[in-house]
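Remarks on the structure that follows.
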Amino acid sequence: MEFAELIKTPRVDNVVLHRPFYPAVEGTLCLTGHHLILSSRQDNTEELWLLHSNIDAIDKRFVGSLGTIIIKCKDFRIIQLDIPGMEECLNIASSIEALSTLDSVTLMYPFFYRPMFEVMEDGWHSFLPEQEFELYSSATSEWRLSYVNKEFAICPSYPPAVIVPKSIDDDALRKVAAFRHGGRFPVLSYYHKKNGMVIMRSGQPLTGTNGRRCKEDEKLINATLRAGKRGYLIDTRSLNVAQQARAKGGGFEQEAHYPQWRRIHKSIERYHVLQESLIKLVEACNEQTHNMDRWLGKLEASNWLTHIKEILTTACLAAQCIDREGASVLIHGTEGTDSTLQVTSLAQIILEPRSRTIRGFEALIEREWLQAGHPFQQRCAQSAYCSSKQKWEAPVFLLFLDCVWQILRQFPCSFEFNEHFLIMLFEHAYASQFGTFLGNNESERCKLKLQQKTMSLWSWVNRPSELSKFTNPLFEANSLVIWPSVAPQSLQLWEGIFLRWSRSSKYLDEAYEEMVNIIEYNKELQAKVNILRRQLAELETEDGLQ
């Protein structure tokens, strides 16, 4: 298909653009296969380049022959275009609608994007399972790298290489895969070097109403236990939901077959409940009300902060089992691709200092989200404004990033990255020139040949010029476990995401710049102090010799 077929009017003059924090500007509007561009051709006026894939919904209004298109973006921005001429306006609107809802992934911008920067590192090879395994193999010999899923033979949503107990062979893994939802047998998510305890993740067991069991499954998860120790099974569904799943062939681990494991149900919402929550929250944030009760009522009705609390509470529970109880943990919900990954990755941020560095966090997203089969293409297909709701959209990854921001706010010196890094990841998950978040799992990415045909986000982010924007000036490496407060009073609305387009961050940005300058000046003074101390010590030594 040619993009030209979808572009009815490629260019319109005298279009007026209205957008947050900028004065209205008149210019020429151009539509390309992937971008909406407005250029005023005036000096010092920033052009608008908007990816069609970032457009969530559009509204049209007409007053006489003047048409107005209101574009609502997946990053929650709202842009208005005033277009002279009804026909031009209708043509532009229908073209934008067609170009922003392309069915084929291979027509998306990452397949056409050519970087304008020098590629110093191939991000596609920065965080391979083999490299992650090397980090663990120096601390333990009880685990191995299995290629049982080579060519995605037993689980389409797992990578070809996974880490499993050394005592379990590949034949046993195949039997366990047949007993777990989507073939997602238990695999290693995190190894706690301090005491050798582990977090594993999987899909639900397919016990069904007959209480089906699998000896190999029992052996696999028992292989993670130390003699005389118990483990914890954290199910991210309520007991009621887990019991209902049995009627559909799913279920949960029976105590009789897993006597050394204690099962805990922690209900984390999913799918349309989360999507509705996001829609309500963004609606509340966009409403220009000055009524306090109305604002607080709408914020509470969205339930967003309640979801944050549920997820963080469950992650803290998993981390406590590992660090304080000295017990291993298996985490799953139904599929094991949404709430399970929120919990496993947040538990690692609490427990593991490396996950709080920039590269460590990137590795975490690769390992616990991309390689672990979170369906980004489905979940991030639409954002808070789109009315044609599919069944699969849900802001699962945004909720995870919000939880990370809550911890970052409570421990501002323990993270190497800043808030801008998290906002950038949110933006690229929903619309990007890079191929990193395309597809729903490794199998799909392999079929799409993303490594050969698109650029990795990490190739861009990890360049020194970009890293400086995402580095936290307050960072001091902290080797300790950090325990966030999950009390309601401790959780806040993430203004950097949700009030970003309705409240100017000018003064916050100025304060941030001033803080960076103070920190740099402090470092310079500290360096001078060290030089003077050395000189003083040398003079005292000379005096002693005379």
Fill in: Considering residues of the range 137-153 that are under 26 Å from the mean Cα position of the chain (by Cα) and not in a helix (DSSP H, G or I) only, the residue nearest to residue 166 (Cα to Cα)
145
Response to the item:
Just one listed residue, out of 201, 180, is within 18 Å of residue 249 (Cβ to Cβ), touching a strand residue (DSSP E or B) at 6+ places or on another chain (Cβ under 8 Å) and either open to solvent by 40 Å² or more (accessible area, probe 1.4 Å) or of a type in the set (Lys, Arg) (or both), and it is 180
Worksheet item: Considering only residues of the range 129-152 that are at pLDDT below 90 and touching a Phe, Trp or Tyr at 6+ places or on another chain (Cβ under 7 Å), which is nearest to residue 189 (Cα to Cα)?
Response: 136
Worksheet item: Which one of 342, 348, 371, 275 is touching a strand residue (DSSP E or B) at 6+ places or on another chain (Cβ under 7 Å) and open to solvent by less than 50 Å² (accessible area, probe 1.4 Å)?
Response: 348
Item to complete: Determine which member of the set 306, 337 is farther than 17 Å from residue 253 by Cβ and not in a helix (DSSP H, G or I).
Response: 337
Worksheet item: What helices (runs of 4 or more DSSP H), lying completely within the range 387-451, carry at least 1 residues that are open to solvent by 20 Å² or more (accessible area, probe 1.4 Å), touching a residue at least 40 places away in the same chain (Cβ under 8 Å) and within 18 Å of residue 471 (Cβ to Cβ)?
Response: 396-410, 419-430
Practice prompt. Report, ordered by the first and then the second residue, all pairs with beta carbons closer than 6 Å, sequence separation of six or more or different chains, a first member in the range 164-181 that is touching a residue at least 12 places away in the same chain (Cβ under 8 Å), and a second member that is open to solvent by 60 Å² or more (accessible area, probe 1.4 Å) and aromatic (Phe, Trp, Tyr).
Written response: none
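Condition check ((1) under 19 Å from residue 98 (Cα atoms); (2) open to solvent by 20 Å² or more (accessible area, probe 1.4 Å); (3) basic (Lys, Arg)) across all residues:
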site	(1), (2), (3)
15	no, no, no
21	no, yes, no
42	no, yes, no
69	yes, no, no
82	no, yes, no
Fill in: Residue in the range 452-502 that is nearest to residue 513 (Cα to Cα), counting only those that are surrounded by 19 or more Cβ atoms within 10 Å (Cβ to Cβ) and hydroxyl-bearing (Ser, Thr, Tyr)
459
Item to complete: Any chance you could count how many residues in the range 259-272 are in contact with a strand residue (DSSP E or B) (Cβ under 7 Å, 6 or more places away or on another chain) and either modelled with pLDDT under 95 or open to solvent by less than 80 Å² (accessible area, probe 1.4 Å) (or both)?
Response: 6
Worksheet entry | Selection status of residue 361, among the aromatic types (Phe, Trp, Tyr), at pLDDT 95 or above and out of contact with any strand residue (DSSP E or B) (no Cβ under 8 Å at 6 or more places or on another chain) | no
Discussion item. Residue under question is residue 526, and the condition is that it be of a type in the set (S, T, N, Q), over 21 Å from residue 413 (Cβ atoms), part of a helix (DSSP H, G or I) and open to solvent by less than 100 Å² (accessible area, probe 1.4 Å); does it hold?
Written reply: no
Response to the item:
Selection from the range 452-471 of residues assigned to a loop (DSSP other than H, G, I, E, B) and basic (Lys, Arg) yields 463
Worksheet entry | Matching entry among 134, 121 (being more than 26 Å from residue 429 (Cβ to Cβ), acidic (Asp, Glu) and either surrounded by 21 or more Cβ atoms within 10 Å (Cβ to Cβ) or within 26 Å of the chain's Cα centre (by Cα) (or both)) | 134
Discussion item. The conditions are (1) open to solvent by less than 10 Å² (accessible area, probe 1.4 Å); (2) more than 21 Å from residue 500 (Cβ to Cβ); (3) touching a residue at least 60 places away in the same chain (Cβ under 8 Å); (4) in contact with a helix residue (DSSP H, G or I) (Cβ under 6 Å, 6 or more places away or on another chain), and residue 6 fails exactly one of them. Which is it?
Written reply: (1)
Practice prompt. From the list 311, 331, 322, pick out the single residue that is of a type outside the set (S, T, N, Q), open to solvent by less than 10 Å² (accessible area, probe 1.4 Å), farther than 27 Å from residue 473 by Cα and in contact with a His (Cβ under 6 Å, 6 or more places away or on another chain).
Written response: 322
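The values are calculated or read from the model by the stated rules, or taken from the named source; none is laboratory data. In this text, all values refer to a predicted model and were calculated from it rather than measured experimentally. So basically every Cβ, Gly included, is an ideal-geometry build from the backbone, and we count neighbours across all protein chains shown. Accessible surface is based on the protein model in full, side chains and every heavy atom, while ligands, DNA and RNA are left aside. Shrake-Rupley method; radii C 1.70, N 1.55, O 1.52, S 1.80 Å.
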